[in-house]
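Trainee: Here it is: the structure, laid out below.
The values are calculated or read from the model by the stated rules, or taken from the named source; none is laboratory data. Keep in mind the model is a prediction, meaning the values are calculated, not measured. As a convention, Cβ positions derive from the backbone with ideal geometry for all residues, glycine included, and neighbour counts pool all protein chains shown.
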Amino acid sequence: MTKSLKSRKHDFVQEAIYDAAIDLFVRQGFQETTVEEVAKAAGVSRRSFFRYFTTKDHLLGHTIVRLGDVLVSAVAASPAESSANEVVHDAVTAGIRFATSHPRTHQIIEITAHNLSARQAHRSRMVEVEILLSEAFAARTRNETKEDVKPRMLAILTLMLVDLSLMRWFKDEFEDCSTASEFVFAQLSRVVCEPNDSNALVAAKTRKLEPSVAKS
C-alpha cells in the first residue's frame, strides 16, 4: 500500500531528527546532548521534536522497533515445517541483514558500547519487541500463547543471538556479520549440548546421592 503524503512527511521529518541526533551523540555524547540541540540540528522546534519522539531514550530506541518488525516478519514467513531452531536461524539472519544494511548501525553500537545510559536507552523498547516476537512464535502453534515459556524463550534467544552477532561484527572479529552469526550459533550449540567439566561433576554427585535418597 502506498503511503499518504502526510505519512511520508512524518517519516521524512522523523528520520531527519533521528539522523541529527545520532550525529550529535557521536560527537558530543548521549548524555551531553540536549533535546534542544537535536531539534536545532534537525531544523525543527523543540515542540516539534516531541511530536515524533517522547524522549531522547525513545529516539535512541527507534531502530529497535524496526528490527522487531523485521524479526516478526521473518518468523511468520519461515516455512510451516521448519523446526524451532530453523525459525530462530531465519529470524536472526533477517535481523542482522537489516541491521548491517542500516547506515547508522555501526554508530549506534559505538554510542551504546561506551555508555550505560545510552545502552539502556537503546534497549528501552526491547520489551515491546520481545512481546511481539513471542506472539509471532506462539502463532506458529495452536496450543501456545505469548505468555508460555517456549515462545518467550525463543523470542529472548533470537534477540540475544542478534545482539551477540552484531557485537562480534562490530569488534572486527569477523569479516561479515553472517560469519559472526554462524560462530555464535555454533557456540550456542556447544554451550547447550556439550556438558563442561562442572556440569559433569554436578551430574556425578547427583547420581551418587540418588541411592541414599531412595533409601530414605
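Trainee: Counting just the residues of segment 159-198 that are surrounded by 13 or more Cβ atoms within 10 Å (Cβ to Cβ) and small (Gly, Ala, Ser), which one comes out modelled with the lowest pLDDT?
Mentor: Ser178
Trainee: Right, something else. Please verify whether Ser48 is over 25 Å from Arg119 (Cβ atoms), in contact (Cβ under 8 Å) with a residue 12 or more places away in the chain and either aliphatic (A, V, I, L, M) or not assigned by TED's automatic domain parsing to the domain that holds His106 (or both), treating the condition exactly as stated.
Mentor: Against the criterion (over 25 Å from Arg119 (Cβ atoms), in contact (Cβ under 8 Å) with a residue 12 or more places away in the chain and either aliphatic (A, V, I, L, M) or not assigned by TED's automatic domain parsing to the domain that holds His106 (or both)), Ser48 qualifies.
Trainee: For segment 107-125, which positions are under 13 Å from Phe25 (Cα atoms) and surrounded by 14 or more Cβ atoms within 10 Å (Cβ to Cβ)?
Mentor: Result: Gln107, Ile108, Ile109, Glu110, Ile111, Thr112, Asn115, Ser117, Ala118, Arg119, Ala121, His122.
Trainee: Looking only at segment 22-51, which residues are out of contact with any Leu (no Cβ under 8 Å at 6 or more places or on another chain) and buried (at least 17 other Cβ atoms within 10 Å of the Cβ)?
Mentor: Of everything in segment 22-51, those that are out of contact with any Leu (no Cβ under 8 Å at 6 or more places or on another chain) and buried (at least 17 other Cβ atoms within 10 Å of the Cβ) turn out to be Ile22, Leu24, Ala39, Ala42, Val44, Phe49.
Trainee: So Ser117 passes all but one of these: (1) without any contact (Cβ under 8 Å) to a residue 24 or more places away in the chain; (2) more than 16 Å from Ser181 (Cβ to Cβ). Which condition number does it fail?
Mentor: In the conditions (1) without any contact (Cβ under 8 Å) to a residue 24 or more places away in the chain; (2) more than 16 Å from Ser181 (Cβ to Cβ), Ser117 misses (1) alone.
Trainee: Just one of (1) crowded, with 16+ Cβ neighbours inside 10 Å; (2) within 14 Å of the chain's Cα centre (by Cα); (3) not small (Gly, Ala, Ser) trips up Arg104, so point out which.
Mentor: Arg104 satisfies every listed condition except (2).
Trainee: Another one. In segment 4-12, is there at least one residue being within 22 Å of Asp176 (Cα to Cα) and surrounded by 14 or more Cβ atoms within 10 Å (Cβ to Cβ)?
Mentor: no
Trainee: Is it the case, given these coordinates, that His122 is at pLDDT below 90 and touching a Ser or Thr at 6+ places or on another chain (Cβ under 6 Å)?
Mentor: yes
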